[in-house]
Structures are given as C-alpha cells and as structure tokens.
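Notes for the one structure printed next.
The values are calculated or read from the model by the stated rules, or taken from the named source; none is laboratory data. Keep in mind the model is a prediction, meaning the values are calculated, not measured. A quick note on method: Cβ atoms are made from the backbone with ideal geometry, for glycine too, and the neighbour counts reach across all protein chains shown.
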Amino acid sequence: MTSTQRTIFSICITTILTVVNSFISGPRATLLKWALAREGRLEFNSSSNFFITAGGPFSSTGILATSVYAAATVFTFASAAFITVTFDLGDNIDFEGADNRHLLFSDRYYVIFHYVPLIVTGLCVSLQALITLASYRAYTVPTWSGQPFDVAAAAFANGIVSRTEGRCLADFNAASPGAALPMLPSRKHPGLSDVRPALRLIAPAGILLGTFIFALTFSSTLDPNHAWTGPTNIAAASISFTNSGLALALLAAFQAPLTILFHALDIAEAVIEDEQVWRRAARAKGYHPKAGLAGLRPSGRAILVFGSKVGTQWLYSNGIAFVVGAFPVRGPLSGSNGIHTVWRIGQAVTFVAWYLYAAGGYLTVMSVMYRFMGYLGNSRTFQPATFGHIQTLVNAIDDWSEVMYWGHKVGGDVCHAGTSPHPLRPLQPKSIYM
C-alpha cells in the first residue's frame, strides 16, 4: 500500500466510522430520552449519550452500559489508527540474507495493513450497537422523531408533562416553574450557555486541547533534520513500546479528550437546532415539519460539525501514528542455518509535526466557531427561549397543528400568546401576557 493509498483509505475509514457512530448514537439518544421521561427526568430534547444515565446501574442506559458505550466509542477511533501501519526498514535497505543473497528494497518506509485493529474496531462498533439494541428492547418509544415539537407533543399526549397555564412568555429557566407568570414581552433571553453550564467549557477546552496537540510536536529529542511532510512524515518525537496493547492504550488516552469534545459539540449543535426550529413558528412562513428520524436532523451546522469531526479525526490519527520498525542486527547471531542477518522488531507511537499542527489549528478554530454559533443561537425577539426544553414548549404551544405559527392570540387587559395553524399578529410590546 502506497502513502497515497493509505491517505485515501484513512479518510474513507474515518468517514465511515463517523457516519456509523452517528447512526448508532442517534437512536441511543432517543431511547435514553424516553428512559429519562419514564423517570420524570426529561428536560431537553437533546442530551448527552456519555454523561446522562437512566434506570439502574446495570440497565442498558445505566452507568455501566453508558461507560462501556463511551469507552467503545473512544477505542473505535483509537484502534482505527492502527489499521494501516508504517513499516520502517531502517537505514540499511540492502542487507545480506540467507545463502549470502542480498535483499534490496527500493524504499525505507512501507505502509502495511494490520487486520487485528480492524477486528478491534469492528468489535467496538458491534458493542455500541448491542447496547443500543438492548435499550430498544427495554423501552417503549412514543416517537422516533428528533424534532422538538414532535417530542413535546408525544410527552404531552402520554401524560409525561402537563401544561402550566399563564406561562406563554416564560423562558426555559424562568422562576416558579409550576405557577403562572404574567410578564411583559422582552428581547432579553438566556443563551446556550444557560442550557447546560458544562457547555461553557467547550471553547476553553477546545483551545486547551488544540494547544496540547501543538505541544506534542515539540520535544527535547526532536531531530533537527526531521521532515514536516513527505511519505513518512518523520516524527518530531516518539515513545517506544514492547506491547501493542500499551500503544493502543496510549492512543486511546489521547483520543478520549477529542471524542468527548466533539460529543459536546454535537450536543451544542443539536440544542441550537432545537431553538431554531422553535423560532420558525414566529416567522412569516411558520413552522413546517421536516423529516428527522431518531435525532438525525441534517442542517448546515450539523454538516459543519460532521466535516470537522472527520477532518480533525483524520489529521489526529495520522499525527499520532503507530510505527513498526525492522532493523538488521549482524554478528554472533548467525548460525549454521546460513542466516547472516537477524531483524530486530521495534514499535513506537510517533508524533508527526505537520498533521498535529493542522489538527491543533483546526480544533482551535472550531472551538472559536462554537462560541460564534452560540452567540447566533441567542434569541433577540419577544419569543421565549426554549432550546428544546420540553416543559417550556408545552407551556408555549396551545394548538398542536402540523403547520404552526406563533404570536399574539388574545387581547385585553391581560393578553395571551400561543400557536395556531394560521398566521398570527406580532406581540404588543407594552401589554402583559400570561
């Protein structure tokens, strides 16, 4: 396999794994959502597959299964970096073999296909699928749609949440959630960071991780003549291992922060999309339902995050690569069998400068873009902020029509805002609504 073929194969395998992971994580998120609903803990339409559990510790959505699912996700991408391995013949590509014959190699570096990591990757993906399948058999799902209106309607119809009158303009974090809340229309609303306080850490965590990736390219053992590009991308530094399992564990340790960060970005993108869906109801064209199976809802932001995951993951897996070396050892090892040269096999995890610089820069830019996406996700209209909060949606929607418009419905001393299958007037800024 040439370096070009390896690049194409690596991009393809990373893309396939990312797609497969999305198709597994979507249904699991839906199953986890309705498991939380059965316990009365359902808050938002979009939630985490890694950090939220439901049921007992040994249930398919419990802490044990969730931990195994998260670990399998990490090892899926970590082991994928082993599938293609750089084979280093050392400086002597012309050496004396059996019967005094010379074996001549045209290049020092070759790319070989390693089937064991492919098996590990397949087992990890299968484990994720089995955990999701176990949840499917354990829970009843009222709707597989990932749209916040469909989820809120199903929760309302099944008695999971009930409507609180008089909170038509209340944001998702408004005070006294179980009581009426008369209020004037306001353009000040909570933002994405108020949905989950941990989401505030995405940008600094991404910048910190990007800086750490940059730092991997600097070492006291740095070869001053190391290459930045080329068929081998000579490493800026390396760590030798005698056991491939330890090397995989190291790659998994480096992979875990990246996987968690992109998981958080997925959550942030989904929460922003939930808010955008709600806002469509206040626009001139209103809300029209779109297909969205089990949380898989393509949007411009989702495509951007997906592309960034594939690109960064590919750069990262090439930047922290597994290299096997074979180096000729001559001398007293030769015997009567005619073998004059013995190869010593060594293996190492290498840190490749160019790939890591690109991955670190890409990750830093994505983290800054997340803050920009979060800023765009903040509402500046009279429409209350929901971000997919189920109870707030149920309070704000009083007509569950397929095509939905939101606006002023009832006038008087105390007004009311709600939804309708027909266009509604804008809110009256100086009137009290409840």
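Points worth noting:
- Filter pass, S10 being in contact with a Pro (Cβ under 9 Å, 6 or more places away or on another chain) and either farther than 30 Å from F172 by Cα or of a type in the set (G, A, S) (or both): no
- Selection within the stretch 122-142: residues that are crowded, with 17+ Cβ neighbours inside 10 Å and among the polar types (S, T, N, Q). The member of this set that is nearest to F58 (Cα to Cα) is S135.
- For the stretch 145-174, a tally of residues being of a type in the set (F, W, Y) and either touching a helix residue (DSSP H, G or I) at 6+ places or on another chain (Cβ under 6 Å) or at pLDDT below 90 (or both) returns 2.
- Tally of residues being hydroxyl-bearing (S, T, Y) and under 16 Å from A270 (Cβ atoms) across the stretch 177-202: 1
- Filter result for P190 (in contact (Cβ under 8 Å) with a residue 12 or more places away in the chain and within 30 Å of the chain's Cα centre (by Cα)): yes
- Of all the residues in the stretch 25-53, those that are out of contact with any Ser or Thr (no Cβ under 6 Å at 6 or more places or on another chain) and either assigned to a loop (DSSP other than H, G, I, E, B) or hydrophobic (A, V, I, L, M, F, W, C) (or both) number 17.
- When G122, G210 are checked against the criterion of being at pLDDT below 90, in a helix (DSSP H, G or I) and within 30 Å of I83 (Cα to Cα), G210 stands alone in meeting it.
- Flag for S22 being modelled with pLDDT under 90, in a helix (DSSP H, G or I) and polar (S, T, N, Q): yes
- Qualifying residue in the stretch 125-140 (condition: more than 18 Å from Q391 (Cβ to Cβ) and assigned to a loop (DSSP other than H, G, I, E, B)): yes
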